[in-house]
Amino acid sequence: MKRIVFSLVIAGLTGADASAQLRAADAPAPLLKAVPSVSFVPSSAFFLGVGGGYNVSNFGTQNVFAVGTSNVYQNGLLTSSGSAAGPANIETNSQSAVAFSAQGGYFHHFYGSDWLWGGKFTYSYLGATSIVRNALLPQAGSFTATGSNIAVPFTGNALVQSFQTNVTHQLTLIPFIGKSFDRSMIYVGAGPTLSQVRTTLNGLIGFADINGVRTDVSGSPVNFSNTNWVYGGAATVGASYFLSQSWFIDVNYTFAMTGNNTSSFSGPFTNPNATNGSTTVGTMVGTSAGKLITQAITATINKTF
């Protein structure tokens, strides 16, 4: 009897253990709670930044055309009239400098995507000047003595002691598209530019070779200067690294080129020291045209809002 009872107890315990194992096997596995990843790049933000960049300004070839007219007087009487004109190409040199830069803009992610769109406005103080010393502007023309119909041809040149081209301020508006990652984003964009360009001719003197004799026609050196705001275009590629959702560092490369910048200059001259006690009175008129190319690598620290 004892053996029967002991066997039943063992069987009951074994069945209970098997039942528990079956229930444990049928129970659903515990769910692991996913830890959301934190992105330092906001879904959208306005931003402002300041910094600096290394800029190279290439003023290229300046196409100059100059015209000079003159009337020669002897004892108050007009003795001859003449004119000369001609084109010239002045090759300038490139200038590099470290310049201040500031930017402000906005970006926004496409819904449910790492891709984003945006735009930024950039200001750069370039402050670059190219100087060509003793530039010659070839001239060809003729003069006619009073009372005569015979034009006497001559050649000559205008001497510019210092031909300067300068860019000071540059404004750029760049719409862009990009892609974000956990702590960074990359982008490309293109847009219009506005640059302040100045052309200066210092120490302009007009010379003529008449009958083999080089003659100073205009007398004392004359200075001209002209400043224009010139439209152009720019393309940029950049990358930003986010220190936090509120601060990021932006580094970009920008290539910009202005449209053709045409500067005009004109002014009178009087040369009381002309040969034979005569006085020469005239005008010097001309234009200078060229394009400006700038390349810049810029780094800024930016605050998001």
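None of the figures in this text is laboratory data; all of them are computed from the coordinates on show. Quantities reported herein were computed from a predicted structural model and do not represent experimental measurements. Virtual Cβ from ideal backbone geometry, glycine too; neighbours counted across all protein chains shown.
Tell me whether the stretch 211-295 comes out rounded, prolate or oblate; compute the Cα gyration tensor, take square roots of the eigenvalues as a ≥ b ≥ c, and use a/c under 1.5 as the rounded threshold.
Details: a/c = 4.76, a/b = 4.23, b/c = 1.13.
Prolate, since a/c reaches 1.5 and a/b exceeds b/c.
So for the chain, averaging the separation of alpha carbon pairs under 8 Å that are six or more residues apart and normalising by length, what relative contact order in percent results? Don't jump to the answer; show the numbers that get you there.
Values: 835 pairs, mean separation 62.7, N = 305.
Here the relative contact order equals 21 percent.
For a footprinting-style exposure proxy, rank Asp216, Asp250 by other Cβ within 10 Å, fewest first.
Fewest-to-most Cβ neighbours within 10 Å comes out as Asp216, Asp250.
For a footprinting-style exposure proxy, rank Val160, Val72, Val50 by other Cβ within 10 Å, fewest first.
On the way: Val160 27, Val72 23, Val50 14.
In order of increasing Cβ crowding within 10 Å: Val50, Val72, Val160.
Which cross-chain or sequence-distant (5 or more) residues have an amide H under 5 Å from the amide H of Val217, H modelled 1.01 Å from N in plane?
Gly206, Phe207, Ala208
What angle do you read, to the nearest 10 degrees and between 0 and 90, between the alpha-carbon axis of helix 2-26 and the longest principal axis of the chain?
In the chain, helix 2-26 runs at an angle near 20 degrees to the longest axis.
Quick check on the chain: take the gyration tensor over C-alpha atoms, sort the square-rooted eigenvalues as a ≥ b ≥ c, and tell me if it's rounded (a/c under 1.5), prolate or oblate.
Working: a/c = 6.52, a/b = 6.03, b/c = 1.08.
Taking the square roots of the gyration eigenvalues as a ≥ b ≥ c, the chain is prolate.
Apply the Karplus curve 6.51 cos²θ - 1.76 cosθ + 1.60, θ = phi - 60°, to the phi angles in the stretch 195-210 and return the couplings in whole Hz, x for Gly and Pro.
The phi angles translate into 10, 8, 10, 10, 10, 10, 10, 9, x, 7, 10, x, 10, 9, 9, 10 Hz.
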